[in-house]
Structure formats: structure tokens, C-alpha cells
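The values are calculated or read from the model by the stated rules, or taken from the named source; none is laboratory data. The structure displayed is predicted, hence computed values, not measured ones. Don't worry about glycine lacking a Cβ; one is built from the backbone with ideal geometry, like all the others, and counts go over all protein chains shown. The accessibility values were calculated without ligands, DNA or RNA, using every heavy atom of the protein model including side chains. Shrake-Rupley method; radii C 1.70, N 1.55, O 1.52, S 1.80 Å.
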Amino acid sequence: MASVMCARLLQRSARGFYLCTRTTPAFSSPFQCRAHRLGPSDDELYQRTTVSIMQKEPGTAVMIHGYSARGFNIDDNKVYGPCALLPPAILQWNVAGHEDISEESVSLFHLLEPRIEMLILGTGSRTERINPKVLALLKRKGIAVEVQDTANACATFNFLISEGRLVAAGLIPPSVSRALEVQEE
């Protein structure tokens, strides 16, 4: 088969076609030379492979339906302890409190493809300060960060997801409130 192709090409070269890659060929084909690499100009032949972890599909939005000191109710799934919401995935997040949020613990958020637009961090009962190095890392990666108490973080996440935005959340359950307890003296 290869010898037949070579013979045909040699016959064409005798009639005015060039086989040498240093001269301008009379016709251009990506298969003319074995060393040809496909590039973006080869529309039909060159297609980049992409992998989508998060897909924008209608009706598959993850919604937070409730939270407590023990965890969260996310689409009728009970999640105990801190969690990372990367729609459509729900993962356990290995942080005990806001002081444990480090560059390493947020690394899973900036490795996603397609990139998330915003990361919402729920820090428990109160809005707490996050390490500035963590915020700087996420800013360098092009991810906006919103730090809120968990109640407002859940509401913000639900609102942005319902708009079809690519957002993720890192949520720490609020601590048990002792405000209504009667203290005996």
C-alpha cells in the first residue's frame, strides 16, 4: 500500500508537483508529509480535548435546604461537618474552623475546570477573618472570594446557583447557640 502511494506521488512530481518540503507544494495537504503537526488552522482535523467537571445543565443545580450545628441538608442529602460544594459534587472538607482554612485546603477550588467565578466561604456563626495569603492565592487564580457567616453564605450560594453562575462554597457549620438557655445561679 505504501509503495503504491509513493509511486503515485513520484508520478505527480514528474508532472510538476514538488515533494520536497522546502519548496512550495502545488497542493497543500496535512498528510503530504509525515512530520506535519496539526494546528489550530487545520479546523476539521485539529480539535482540542476538553474535560468538563462542572457542567451547566438545567435542573441539576445543587441547593442548600438547611443547616444546623451538625451539618447541612443539601438536596435531601445530610452532610455532617464542614463541606465543599463543587456542583454537582458535595465533598467533606477537612477543616475544623475558620483558622484551618489554608492555601492547601482551598487548592481543590482553584484546580477545577471550567474555572469557578466565585468561592463563597461560610465561617460558622460569625463572619471571621481569613488568612490574607489564602485570599491572595485565590485572587491570583482569578477567583472572587466572599467570606460570610454560614447562614448568609448558604443564601448567597443558592442565589448565585439559581442564576446559573459557576460558584463553589466551603461551608463550616455554625456552632450551637447558647443565647436562649436559662442560666441558673
Shape of the stretch 72-122, Cα gyration tensor, a/c cut at 1.5: oblate
field: Accessible surface of the stretch 77-147 [probe 1.4 Å, protein heavy atoms]: carbon and sulfur percent
entry: 51
Net lengthening on full extension, L166/S102 (0.36 nm per residue, minus Cα-Cα): 20.8 nm
- prompt: Points 7 angstrom from Cα along the Cβ direction at N94 and R140: gap in nanometres?
  reply: 2.2
field: Rounded if a/c under 1.5, otherwise prolate or oblate - the stretch 66-185, Cα gyration tensor axes
entry: prolate
message: Run the paramagnetic zone check for N152: 7 angstrom along Cα to Cβ, then residues of the stretch 120-137 with backbone nitrogen under 15 Å.
response: 120-130
message: Modelling each spin label as a point 7 Å along the Cα-to-Cβ direction, I'd like the E113/T127 distance in nm, to one decimal.
response: 3.5
